[in-house]
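These notes concern the structure reproduced below.
The values are calculated or read from the model by the stated rules, or taken from the named source; none is laboratory data. What you are looking at is a predicted structure, and each value in this text was computed from that prediction instead of being measured. Note: ideal-geometry Cβ built from the backbone for every residue, glycine included; neighbour counts use all protein chains shown.
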Amino acid sequence: MLASTISDNRIVDSAIASYKPFKPIPNQTYTFAILLGFLVPAAFVFLKDILNDKIKDVSDLENSTKIPVLGMVGYSEAHSNMIVVEKPESFIAESFRSIRTNIQYFTKNQGKCIKVLVTSSVSAEGKSFCAANLSAIYAISGKRVVLVNGDLRKPKNNEELNLASDKGISNYLIGNAEINSIIQKSPNVPNLDIILSGPKPPNPSELILGPKMDIFFEHLESNYDVIIVDSPPVGIVTDGILLSRYVDSTIYIIRQNVTRRHNIEFINSLYRENKLPNLSVIFNAVKSGPNYGYGYGYGYGYGNGYGYGYYEEDDQKKQKKKKVRSVKPS
């Protein structure tokens with residue numbers, strides 16, 4: 001029975017062995033690997049850019065808002081709040097000098113007291129750092145300056161500014177202190193006075209709206225050339241908008257890779273509705289690179305690199321000269 005069974009298949013040509021494999025094809029493998037090597041990183045960079053909703057550079061900022069840019073401040077790893085005093089020849093100090101010059105285009109009542117409010121969207125954007133250094137750069141020029149910490153919800157520690165007392169605005173507003181008793185001299189900067197916010201009150205907004213705040217700013221305006229108000233972030237609480245009625249101009253701090261795009265939309269709405277007087281922007285903590293520069297003001301552009309490295313190069317040359325002089329002949 002097995003011998004009578006005929007198979008349905010038969011061999012037509014016998015198989016011939018080959019020295020080269022039929023699969024995979026090398027050219028196709030290399031082509032696929034090269035394409036994959038280009039497409040995967042490109043897709044990663046594209047997705048990272050799409051998912052990143054933070055302001056990355058100046059062009060990104062300019063495309064997001066029409067608010068005038070007052071200036072840019074470079075990134076510093078120093079832990080000092082008064083870097084313009086400790087390093088007066090640094091590029092950051094030069095940036096604040098440029099900002100000091102440009103503020104005159106945004107202030108009213110030229111020749112009288114300059115009143116500036118410094119605010120931001122959220123914390124950690126460098127608002128207090130910019131307010132402190134801007135106050136110091138004005139005081140160095142000979143102006144009588146007072147730095148007012150208007151954030152009653154998050155009081156500053158007096159140790160941060162090397163002050164002796166914790167008394168502040170809240171003590172005055174509730175009637176426990178007089179104005180002159182809460183004004184403290186800066187230990188490091190001549191012509192600079194500092195007023196802390198004081199102990200945290202339960203009703204900060206109501207205190208700001210009270211009549212004693214009007215008397216407070218009238219007293220400061222009659223005794224100082226420049227008033228810098230470090231206000232709470234307006235993106236979180238409304239205290240900053242309440243304090244804006246006492247100033248001539250507002251500086252909004254936007255920090256590179258920290259401020260988000262939806263915060264810019266909020267700033268734009270404030271600008272359109274004119275809720276903050278003479279609003280301008282400072283681009284803070286800008287890291288150096290091929291697409292960044294630190295302009296001296298209007299007309300220089302942002303990518304030219306003016307300012308950054310200028311004084312640092314001088315310092316390097318001085319250090320090299322010192323090294324050359326210190327070499328003794330053998």
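List of remarks:
- Within the range 266-278, the residues that satisfy the criterion of being surrounded by 13 or more Cβ atoms within 10 Å (Cβ to Cβ), more than 16 Å from the chain's Cα centre (by Cα) and closer than 16 Å to residue 106 by Cβ are 270, 271, 275, 276, 277, 278.
- Odd one out for residue 113 among (1) touching a helix residue (DSSP H, G or I) at 6+ places or on another chain (Cβ under 9 Å); (2) free of Cβ contacts under 8 Å to residues at least 60 places away in the same chain: (2)
- Selection status of residue 208, within 29 Å of the chain's Cα centre (by Cα), assigned to a strand (DSSP E or B) and in contact (Cβ under 8 Å) with a residue 24 or more places away in the chain: no
Conditions (1) assigned to a helix (DSSP H, G or I); (2) under 27 Å from residue 255 (Cα atoms); (3) not β-branched (Val, Ile, Thr), marked per residue:
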position: 146; (1), (2), (3): no, yes, no
position: 154; (1), (2), (3): no, yes, yes
position: 170; (1), (2), (3): yes, no, yes
position: 237; (1), (2), (3): no, yes, no
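- Just one of the listed residues (102, 27, 9) is exposed (fewer than 10 other Cβ atoms within 10 Å of the Cβ), modelled with pLDDT of 85 or more and not basic (Lys, Arg), namely 27.
- In the set 94, 125, only one residue is out of contact with any Pro (no Cβ under 7 Å at 6 or more places or on another chain) and outside any loop (DSSP other than H, G, I, E, B); that residue is 94.
- The single condition among (1) of a type in the set (Ser, Thr, Tyr); (2) part of a loop (DSSP other than H, G, I, E, B); (3) within 24 Å of the chain's Cα centre (by Cα) that residue 165 does not satisfy is (3).
- Top-ranked residue in the range 130-144 [being outside any helix (DSSP H, G or I) and either without any contact (Cβ under 8 Å) to a residue 60 or more places away in the chain or polar (S, T, N, Q) (or both); ranked as nearest to residue 254 (Cα to Cα)]: 141
- For the range 172-182, the tally of residues that are hydrophobic (A, V, I, L, M, F, W, C), surrounded by fewer than 20 Cβ atoms within 10 Å (Cβ to Cβ) and either under 29 Å from the mean Cα position of the chain (by Cα) or part of a helix (DSSP H, G or I) (or both) stands at 1.
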